[in-house]
Each structure stands twice: as structure tokens, then as C-alpha cells.
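The structure appears right after this line, and notes come after that.
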Amino acid sequence: MKYVLMFCSDEVDAVARELDRYHLLHATRAQLLLEIGAPGAARDAEARALSLARNPAERWILAERLGDDSGRVRSRSTPAP
């Protein structure tokens, strides 16, 4: 499964230049990076997504995912402390 996620991450990176201003690209990349075990890079991607998002509901979700006190992006399946 990890190899599939790494392949998906590579595919997302391949279109990153064209979609760099699209917040959902960075949110997707953040989740993939988190799943393959790169929480620091995931946090950076999540922060980029938040900086680009304009929809208040999307901004709230992205901010919640960044709001973990441990400094890691919280997985969607991990409840808040």
C-alpha cells in the first residue's frame, strides 16, 4: 500500500507546477505525505493549502488539520486530543 501512495504522491508532484495556486492540490499532497510517513512535509503542504484557500469552510478544515499541538498534521481518522 505504501508504494501505491508513493506513486500517487509522485503523480501529484508531476502536476504541481500547473496547479500550484490550487489549494486542494496541496491538501491532497499533504494527506499523501502524511500517509507515507513524512509529517514535516505534510505540514508544509497543509500550510500552503491553507494560505491559498478562500472558502471559509475549507479554511476551517485545513486550520483544524494544522492545529495539532504536537506539530504534526492530524490524520482524518485520528480524533483530536
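A few points about this structure:
- Reported count of residues in region 25-71, each being touching an Asp or Glu at 6+ places or on another chain (Cβ under 8 Å) and under 20 Å from Met6 (Cβ atoms), is 4.
- Considering residues of region 7-38 that are loosely packed, with under 15 Cβ neighbours inside 10 Å and part of a helix (DSSP H, G or I) only, the residue modelled with the highest pLDDT: Leu24
The values are calculated or read from the model by the stated rules, or taken from the named source; none is laboratory data. Fair warning: this is a prediction, and the values are worked out from it, not measured in the lab. No Cβ is skipped: glycine too gets one built from the backbone with ideal geometry, and neighbour counts run over all protein chains shown.
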